[in-house]
Amino acid sequence: MTAVIPAPTFSLLPIAPLACVVGADVEVPLVTGEMVRYANLDYAASAPALTSVAETIAGALDQYASVHRGAGHLSQVTTQRYEAARETVREFVRGRVDDSVVFTRNTTDAINLAAHITPGDVVVLDIEHHANLLPWCTPRDGRSRVRVVRARDTVDDTIATLEEELASAPAALLAVTAASNVTGEVLPIGRLASTAHRHGARILVDAAQLVAHHPVSIVSHAIDYLAFSGHKTYAPFGAGVLIGRPDWFDAAPPYLAGGGASADVAVGAASATWHTGAARHEAGSPNVLGAVSIAAACAALTAIGWEELGAHEAALRARLDAGLASVVGVRPLRIFGDDAPNRVGIAGFVVDGVAPRVVAEYLSDHHGIGVRDGKFCAHPLLKRLGHPDGAVRATFGAGTSSADIDRLIAALAELTTAVLRPVKGPS
Ligand SMILES: Cc1ncc(COP(=O)(O)O)c(C=O)c1O
């Protein structure tokens with residue numbers, strides 16, 4: 001991606017949430033029985049719904065009826081909402097007019113669909129979320145079709161290694177993450193797309209951790225396929241998206257066979273005539289509310305504006321990074337050493353001498369802070385970072401305030417002080 005994430009500047013001035021999210025004031029119990037406001041620093045796992053998204057869903061529920069299946073007024077309204085959602089998504093990620101926009105369950109489902117339609121070998125990096133590794137690992141025609149490339153210490157060297165791999169043997173697709181779910185580091189998608197295209201491959205971008213935080217342009221970056229999830233984009237209603245060039249979608253057998261995907265079925269016949277376009281892969285009644293919620297989130301993020309979102313997240317990230325650096329015994333995780341790529345609001349770290357689960361439980365039980373711990377469905381990456389047993393991850397977004405970040409840093413300082421200088425009892 002082009003470097004539009006503003007350079008972080010660190011200030012101690014309070015930073016208010018940029019957008020209203022559902023549950024912002026929810027209180028949770030501490031071990032002491034005291035109730036405190038929940039500090040949600042787990043946006044990368046699942047972000048809370050934007051209030052405006054929840055309001056849109058309440059309105060859509062009022063008029064909810066079948067989709068693509070009825071002549072009744074509300075069926076028409078619901079069908080129109082569902083189809084309009086595709087156009088909002090296309091516009092949000094600056095898709096091509098002829099791109100197919102297929103609603104899926106989530107990013108995992110979207111990449112499984114991509115694996116289903118991809119006609120040849122796939123090259124991936126070893127830093128990927130399992131959603132962008134495992135779908136490619138299923139053998140096809142009795143042979144493996146995935147080639148896993150080890151990311152190097154710098155982005156430049158990694159791209160050079162991918163270039164060598166793509167030159168060494170033909171591949172249909174390069175499938176890469178846009179932003180690491182462990183470190184938040186953002187990859188230069190435009191450069192990766194050029195690399196793939198130079199060798200006759202297409203590119204699929206796993207944008208699960210990017211689209212809610214950074215503008216994406218399928219056209220400008222020459223992206224062929226892009227996948228993301230509603231629940232990481234402030235729209236937690238069970239839908240995701242795969243958008244991309246229509247020819248592979250139309251050439252592949254339906255992802256799900258059933259009503260809605262079929263144009264004509266003869267009684268007793270073993271085969272059917274299938275639709276082309278998105279309908280081919282969306283058999284059964286689709287998740288209308290999920291699709292509508294994604295469209296509402298896309299519209300809300302566009303209305304807030306990327307400049308404001310970028311500035312908000314850059315300020316929080318600078319505060320979080322500076323805070324983590326100030327706590328003795330806390331070690332941030334990074335894939336790329338030298339050229340410090342842009343990052344989204346994700347900070348993976350370990351605490352010397354304290355297991356990740358213990359850190360996460362301490363933050364929750366004693367401070368009402370929610371973070372993720374574990375291996376983040378990225379086992380190969382955690383192993384190569386030297387933390388096969390996992391790490392801790394604090395992540396944030398439009399509903400986060402500096403108070404949440406400050407609470408985390410104070411809690412970590414308290415924890416590490418207790419670990420490094422345990423209070424001695426009477427000998
Ligand atoms: C980079 C990345 N890709 C894919 C996924 C899978 O997303 P989902 O669980 O919505 O299918 C995740 C989830 O954390 C992710 O971070």
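Just so it is clear, none of the values below were taken in a lab; they were calculated from the coordinates. Computed from a predicted model, the values in this text were never measured in an experiment. Because the Cβ atoms are built from the backbone with ideal geometry, glycine has one as well, and the counts that use them run over all protein chains shown.
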Worksheet entry | Debye equation applied to the C-alpha atoms of the chain, log10 I(q)/I(0) at 0.14 Å⁻¹ | -1.30
Worksheet item: Using 1/(1 + (r/R0)^6) with R0 = 56 angstrom and r between the beta carbons of Asp250 and Asp153, what's the FRET efficiency to the nearest 0.05?
Response: 0.85
Worksheet entry | Residue-by-residue Karplus 3J(HN,Hα) for region 103-118, coefficients 6.51, -1.76, 1.60, Hz, glycine and proline x | 7, 10, 7, 5, 5, 4, 5, 4, 6, 4, 5, 4, 5, 5, 8, 6
Worksheet item: If you find the alpha carbon centre of region 185-232 and of region 122-149, how far apart are they in angstrom?
Response: 17 Å
Practice prompt. Could you please state, rounded to a whole Å, how far the C-alpha centre of region 265-302 is from the C-alpha centre of region 365-409?
Written response: 35 Å
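Note down the relative contact order for region 52-303 as a percent, whole number, built from C-alpha pairs under 8 angstrom at least six residues apart. Please list the in-between numbers first.
On the way: 491 pairs, mean separation 64.8, N = 252.
So the answer I get is 26 percent.
Sorted from fewest to most neighbouring beta carbons within 10 Å, what does the list Ser180, Ser46 look like? Provide the component values of the computation, followed by the final result.
Details: Ser180 29, Ser46 15.
Least crowded to most crowded, the residues run Ser46, Ser180.
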Item to complete: Compute the distance in nm between two label points, each set 7 Å from the Cα along the Cα-to-Cβ direction, one at Glu163 and one at Ser220.
Response: 2.4 nm
Practice prompt. Please work out whether region 52-303 counts as rounded, prolate or oblate from its C-alpha gyration tensor, where a ≥ b ≥ c are the square roots of the eigenvalues and a/c under 1.5 means rounded, while otherwise a/b larger than b/c means prolate and anything else oblate?
Written response: oblate
Worksheet item: Can you give the calculated 222 nm mean residue ellipticity of the chain, where each DSSP H run of n ≥ 4 adds -39,500 (n - 2.57) and the sum is split over every residue, rounded to the nearest 500 deg cm²/dmol?
Response: -11000 deg cm²/dmol
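Rounded to the nearest 5, what % of DSSP beta bridges with both residues in region 52-303 are antiparallel? Display every interim value, and only then the final one.
Numbers: 15 of 30 bridges.
Antiparallel bridges: around 50 percent, rounded to the nearest 5.
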Discussion item. Once you keep just the Cα pairs under 8 angstrom separated by 6 or more residues, what percentage relative contact order results for region 219-331?
Written reply: 23 percent
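Could you order the peptides 244-251, 351-358, 281-288 from most to least packed, using the average number of other C-beta atoms within 10 Å per residue?
Numbers: 244-251: 17.8, 351-358: 15.6, 281-288: 19.4.
Highest mean packing first, the order is 281-288, 244-251, 351-358.
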Worksheet, complete the sentence: Ranked from fewest to most other Cβ atoms within 10 Å of their own Cβ, His68, His367, His73, His221 fall in the order His73, His68, His367, His221
Worksheet item: Farthest toward the dipole's positive end in region 41-100, which of Leu61, Gly95, Thr51, given Cβ charges of +1 (Lys, Arg) and -1 (Asp, Glu) about the Cα centre?
Response: Gly95
Item to complete: Pairs of Cα atoms under 8 Å, at least six residues apart: use those to get the relative contact order of the chain, whole percent.
Response: 25 percent
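What is the sum of charges around Ala47, taking Lys and Arg as +1, Asp and Glu as -1, for the other residues whose C-beta is under 15 Å from the C-beta of Ala47? Display every interim value, and only then the final one.
On the way: positive: Lys232, Arg372, Arg393; negative: Asp42, Glu313, Asp404.
So the surrounding residues net to 0.
Given a Förster distance of 35 Å, report the FRET efficiency between Glu307 and Ala257 from their Cβ-Cβ distance, rounded to the nearest 0.05. Show your work: numbers first, answer last.
Numbers: r = 45 Å, r/R0 = 1.30.
For Glu307 and Ala257, the calculated efficiency is 0.15.
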